[in-house]
Amino acid sequence: MRLPIIAANWKMNTNIEQAVGLVEEMRDGLDKIEKVEKVLCPPFISLAAVRELIADSSIKLGAQNMHFEEKGAYTGEISPLMVKDLCEYIILGHSERRQYFGETDEMINKKVKAALRAGLKPILCIGEKLEENEQGKTAEVVTRQIKAALAEVVSPLGLVIAYEPVWAIGTGKAASGEGANTTIGFIRRIIAQLYSEEIAQAICIQYGGSVTSANVADFIGQPEIDGALVGGASLKAEEFIGIVEQTAAAKG
Ligand code: 13P
């Protein structure tokens with residue numbers, strides 16, 4: 001049985017005071033929910049403060065991006081080893097990074113390898129754009145993204161995949177539970193082809209894109225979907241706790 005993972009991607013929201021306030025609001029409610037891995041991914045500047053607040057809880061910490069080199073003259077960047085000082089998880093290849101910061105499949109592959117090397121658990125984001133979806137290219141796009149991201153990765157154990165169709169992110173237009181389940185089942189078969197059925201069955205694959213407490217049950221009720229990567233709704237304590245509670249009820 002795969003442990004479901006609900007991760008909060010706060011993106012470029014909250015200053016330190018707000019992040020601390022949000023964690024204080026969610027911490028006790030989240031902490032007591034069992035059989036779900038709960039991960040908070042605040043902006044870099046709040047990682048240390050959030051880490052302290054969740055230190056004695058069951059809540060895990062993640063960052064939203066990193067460079068693939070361990071150290072050096074890369075002004076403005078954060079290395080895998082620095083992230084590892086504070087975090088267990090690292091979001092990689094988010095569509096916003098691909099779209100606004102020119103991240104390519106090749107760069108994401110370097111980051112995935114560096115993260116695994118550093119002992120971090122990558123949350124690798126993949127997903128098709130609206131026009132790709134309309135052209136029936138979803139399978140082709142996710143196959144390319146997965147194969148490229150995992151090139152030369154000997155074992156992807158520890159990796160989490162987040163299937164986030166770009167057209168569903170921040171639009172309020174979530175995929176259907178069934179549609180997401182089909183694509184996630186397809187992604188699992190790619191992993192089985194690349195590695196083994198056993199590894200494919202062990203890897204957690206989340207859905208992301210306009211997940212709320214009102215629709216999370218549609219996703220979590222599906223057999224292939226192992227949790228969610230939540231953007232907007234993770235910035236509201238009650239909403240996010242509700243999402244995790246429903247996941248525990250459905251999968252627990
Ligand atoms: P929203 O939940 O705001 O659509 O964002 C999804 C996302 O991109 C999480 O990484």
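Provide the gained length on full extension for the span S57 to V154, in nm with one decimal, where the gain is 0.36 nm per separating residue minus the Cα-Cα distance.
On the way: separation 97, 0.36 × 97 = 34.92 nm, distance 3.26 nm.
This chain segment gains 31.7 nm when fully extended.
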Give the shape of the chain as rounded, prolate or oblate, defined through the alpha-carbon gyration tensor: a ≥ b ≥ c are the square roots of its eigenvalues, a/c under 1.5 means rounded, and otherwise the shape is prolate if a/b is larger than b/c and oblate if not. rounded
At a probe size of 1.4 Å, how large is the accessible area of L130, to the nearest 10 Å²? 90 Å²
For E131 and F101 in the same chain, what is the full-extension length gain: residue separation times 0.36 nm, less their Cα-Cα distance, in nm? 8.8 nm
Could you tell me the accessible area of S79 in Å² (1.4 Å probe, neighbours in place), rounded to the nearest ten? 10 Å²
Please identify the longest segment of the chain free of exposed chymotrypsin sites (Phe, Trp or Tyr not before Pro), where exposed means a DSSP state other than H, G, I, E or B and no more than 15 other Cβ atoms within 10 Å. 102-252
Tally up the carbon and sulfur contribution to the accessible surface of the range 1-104 as a whole percent, 1.4 Å probe, everything protein left in place. 51 percent
How much area per residue is accessible in the chain when the probe is 1.4 Å and only protein heavy atoms are counted (Å²)? 46 Å²
Thinking of the range 132-252 as a set of Cα atoms, what percent of all their pairs are more than 21 Å apart? 38 percent
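Order T104, T138 by their accessible area, 1.4 angstrom probe, all chains in place, largest first.
T104, T138
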Range in the chain, longest, excluding exposed GluC sites (Glu not before Pro) [loop by DSSP; at most 13 other beta-carbon atoms within 10 Å]: 153-252
Overall form of the range 1-127 per C-alpha gyration tensor (a/c, 1.5; a/b vs b/c): prolate
Any chance you could look up the accessible area of S155 with a 1.4 Å probe, heavy atoms only, rounded to 10 Å²? 50 Å²
Could you compute the net charge surrounding E198? Neighbours are other residues with a C-beta less than 15 Å from the C-beta of E198; K and R count +1, D and E count -1. +2
Per the C-alpha gyration tensor (a ≥ b ≥ c, the square roots of its eigenvalues), the range 52-151 is rounded if a/c is under 1.5, else prolate if a/b beats b/c, else oblate; here it's prolate
Less than 13 Å apart at the alpha-carbon level, and either on another chain or at least 8 residues along: which aspartates and glutamates does that give for K110? E69, E70, E152
Given the Cα-Cα distance of E88 and M12 and 0.36 nm per residue of separation, how much length would full extension add, in nm? 25.4 nm
Considering only DSSP states other than H, G, I, E and B, which trypsin sites (Lys or Arg not before Pro) in the range 118-154 qualify as loop sites with at most 16 other Cβ atoms within 10 Å? K137
Aspartates and glutamates within cross-link reach of K251: Cα-Cα under 12 Å, excluding same-chain residues under 8 positions apart? E34, E37, E224, D226
Quick one: of K84/K129; K38/K236; K60/K236, which pairs are farther than 25 Å apart, Cα to Cα? K84/K129
Loop-only trypsin sites (Lys or Arg not before Pro) in the range 37-94, please: DSSP not H, G, I, E or B, and at most 12 other Cβ atoms within 10 Å. K71
I45 and R144 label points (each 7 Å along its Cα→Cβ direction) are spaced in nm at 3.7 nm
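The values are calculated or read from the model by the stated rules, or taken from the named source; none is laboratory data. Small disclaimer: the values here were computed from a predicted structure and weren't measured. When we count neighbours, we look across all protein chains shown, and the Cβ atoms used for this are built from the backbone with ideal geometry, even at glycine. For the accessible areas, the whole protein counts, side chains as well, though only heavy atoms, and no ligand, DNA or RNA atoms are used. Shrake-Rupley method; radii C 1.70, N 1.55, O 1.52, S 1.80 Å.
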